[in-house]
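The values are calculated or read from the model by the stated rules, or taken from the named source; none is laboratory data. Being a predicted model, the structure only gives us computed values, none of them experimental. Ideal geometry is used to build each Cβ from the backbone, glycine not excepted, and the neighbour counts take in all protein chains shown.
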Amino acid sequence: MPESRHNDPMNDFQRESLCFDPIHGYIPFVSVVNDGETAERELLDSPWLQRLRQIHQLQTAWWVYPTAEHTRFQHVIGSMHMASRAIERLFPSLKEVCQDDLPSAGYVECLMRCAALLHDVGHGPFGHFFDAHFLAHYGLTHEILGAEIIRSELGELLRGLRECPKSRLDENETLDPEQIAFLITRPKSGDQHNMPRWIVMLRSLFCGLYTVDNMDFVLRDAYMSGYSARAYDLDRLLRYSFFSERGLTIHRRGINVLLKFMQTKSELFRAVYFHRTVRAIDKTLEGIFWESMQHLFPGNPLENLKAYRDFTEWSLLVDVARWPSSDNAALRNLGQRWQALLSRQVDWIAVDERNLTFKENESEQASIFSDIVLVEQAIRSKLPDGLAGLPLQIDLPRHIYRPHALAPSSGQNFLFNPATNKTYPLTDDQLFHQMPVAHRTCRVYLQRHHTPDQARAVGAALDAIIGSRSEDDLTNM
């Protein structure tokens with residue numbers, strides 16, 4: 001990467017600011033620029049970025065992990081810093097692969113920093129829960145919303161940004177918001193046709209196995225939840241990464257740290273994101289969320305971005321806190337249910353669970369554990385006659401360990417073997433090959449005031465359909 005265009009250290013002190021981060025240390029950003037240009041600080045201070053201070057990073061897990069109060073705002077700043085670190089390491093190999101088609105180092109770094117900073121700009125209250133239980137009703141995701149916000153709300157600011165702490169765009173270059181929107185959205189068939197090769201390759205740093213997003217959140221979520229002070233070796237992972245002709249590639253010397261990263265991420269899903277009480281909170285929230293949204297934000301956010309900008313967890317929780325004293329009976333009832341949830345009085349309690357892993361040649365779809373209805377039917381068939389109508393809920397949280405044909409990360413990452421001087425699909429590595437493709441938990445919830453006998457009956461039913469069967473039996477059910 002080129003040196004800063006400023007040779008006077010005092011000038012650097014004036015143009016740059018620092019924020020201190022418990023994960024990355026000091027994170028620099030540009031505060032003072034030439035007239036007519038956009039400073040990174042203007043992006044950070046824009047209402048669209050500042051609203052992320054009011055959305056928790058861990059959606060509902062902060063109700064379970066008392067120290068995990070960090071927000072999407074902290075995470076996107078960390079991701080922006082990760083983008084600079086990644087490009088500092090990867091730009092030389094990207095230039096060698098793409099040669100004259102590549103823009104300046106300053107353009108690539110500024111583009112990546114903006115994309116990392118804005119990759120979560122479309123999130124609503126409770127993050128991914130909001131995607132599944134509200135945005136999906138309109139055929140939206142936070143990425144689709146984010147891409148539109150980048151184009152229509154932040155495009156002018158982005159086109160005016162010309163420098164970041166370590167580099168500057170060439171005089172004839174202007175950031176393209178459409179390229180930023182492309183980077184932050186999941187790959188779709190045919191969406192790469194109008195994009196240059198270099199940006200298609202950079203997209204692996206947003207949708208591959210290790211990205212500027214998840215390299216930050218694995219460290220941050222592990223630290224803030226108390227799970228681990230240093231979850232994996234970031235420096236080594238970056239050191240052994242480069243772009244080959246095939247794409248983002250890791251040298252064989254880095255394979256162990258990549259596997260450690262993937263394992264830690266998977267453990268966070270099991271221990272934090274899919275914690276039994278976190279999922280119980282989600283299930284309780286499911287019961288009141290859609291009905292509440294009719295009073296909080298009725299309509300498609302794409303059709304009213306201004307209102308969406310002001311809609312956060314803070315605004316939501318303030319509004320529902322008023323509902324118990326409402327003159328409207330429906331609102332009053334919803335408010336009382338919210339009041340119970342905010343006091344951590346969840347409707348459902350996990351009484352038993354089993355963990356299942358699926359290897360490369362095992363079909364999840366051939367297992368009953370790919371379908372909640374089938375699992376519930378199987379459990380009910382094993383319950384005593386007197387409990388056939390027992391109220392229960394099944395939870396089947398799933399985490400993908402490694403790429404498969406249907407995942408966005410598939411085909412994004414490669415392995416270089418110095419012994420043969422060749423690059424291979426990452427799945428060819430034997431250590432990687434031994435990891436499961438996916439992990440799924442089968443968890444059963446009963447109502448809060450269930451009896452010990454009911455819990456034992458559910459456990460016995462799970463034993464009957466899982467405990468006495470081999471994995472081969474399960475995948476052929």
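Some notes on this structure:
For (1) modelled with pLDDT of 95 or more; (2) in contact with a helix residue (DSSP H, G or I) (Cβ under 9 Å, 6 or more places away or on another chain), each residue gets a yes or a no:
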position	(1), (2)
L248	yes, yes
L258	no, yes
K265	no, yes
F269	no, no
E286	no, yes
W290	no, yes
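- Qualifying residue in the stretch 155-163 (condition: under 28 Å from L237 (Cβ atoms) and part of a helix (DSSP H, G or I)): no
- The condition of being modelled with pLDDT of 85 or more, surrounded by 15 or more Cβ atoms within 10 Å (Cβ to Cβ) and not charged (D, E, K, R) holds for only one of Q377, Q454, that being Q454.
- You will find that of F130, F73, the residue that is surrounded by fewer than 20 Cβ atoms within 10 Å (Cβ to Cβ) and under 14 Å from the mean Cα position of the chain (by Cα) is F73 and no other.
- Check on Q393, modelled with pLDDT under 90 and either in contact with a Leu (Cβ under 9 Å, 6 or more places away or on another chain) or within 28 Å of H275 (Cβ to Cβ) (or both): no
- Of G254, G335, all but one fail to be among the small types (G, A, S), assigned by TED's automatic domain parsing to the domain that holds R220, surrounded by 14 or more Cβ atoms within 10 Å (Cβ to Cβ) and not in a loop (DSSP other than H, G, I, E, B); the exception is G254.
- Filtering the stretch 438-449 to residues that are surrounded by 18 or more Cβ atoms within 10 Å (Cβ to Cβ) and not small (G, A, S) leaves H439, R440, T441, C442, R443, V444, Y445, L446.
- Unique match (being over 20 Å from the mean Cα position of the chain (by Cα) and modelled with pLDDT under 85) among T423, T427: T427
- Options L317, L341: the member that is in a helix (DSSP H, G or I), closer than 30 Å to L154 by Cα and among the aliphatic types (A, V, I, L, M): L317
- Scan of the stretch 82-107 for residues that are more than 22 Å from L268 (Cα to Cα) and either outside the structural domain of Y223 (by TED's automatic domain parsing) or within 23 Å of the chain's Cα centre (by Cα) (or both), ordered by number: A83, S84, R85, A86, I87, L90
- Every pair of residues 6+ apart whose Cβ atoms lie under 6 Å, when the first sits in the stretch 68-91 and is assigned to a helix (DSSP H, G or I) while the second is of a type in the set (S, T, N, Q): R72/Q57; H75/Q57
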